[in-house]
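Shown next, in structure tokens, is the structure this report addresses.
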Amino acid sequence: MEKAGLEFPLLDEEEHALSRNFKIGAVPELVIIDESGYLRYRGPAGKDARAAIEAVIGHMVPVPNPEPSDSGGCPIS
């Protein structure tokens, strides 16, 4: 991250506590939390994620398809 000049925080989660709490079963997986701290989307990046991002940014309720069933990622063990 430092080498690439990226300045956002990166979480190294060896114990997988956050993954378990957010019920993340595969990577990559996108988690969107709104400004009030509510989980608004959990799933793969794609059209459902885009709709969720637009809903959160536009303060629309509810987020369409907030937890799509197929993550398409690699399992976390």
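Throughout, read-outs are computed from the coordinates displayed, never taken from laboratory work. From a predicted model like this one, the values you see are computed outputs, not experimental measurements. Using ideal geometry, Cβ is built from the backbone for each residue, glycine included, and neighbour counts are taken over all protein chains shown.
Take the Cβ atoms of LEU11 and GLU54, set R0 to 25 Å, and the FRET efficiency comes out at 0.50. Between VAL31 and GLU2, the FRET efficiency from the beta-carbon distance, with R0 = 25 Å, is close to 0.55.
With K and R counted +1 and D and E -1, the other residues having a Cβ less than 13 Å from that of HIS59 yield a net charge of -2. Computed from Cα positions, the angle between helix 47-57 and the longest principal axis of the chain comes to roughly 80 degrees. Against the set (i) 96; (ii) 116; (iii) 126, the structure's computed volume of the Cα convex hull per residue in Å³ falls on (iii).
Estimated from helices alone, the mean residue ellipticity of the chain at 222 nm is -5500 deg cm²/dmol (sum of -39500 (n - 2.57) over DSSP H runs with n ≥ 4, per residue). The simple Förster model, with R0 at 25 Å and r as the Cβ-Cβ distance, assigns ARG20 and ASN65 a FRET efficiency of 0.60.
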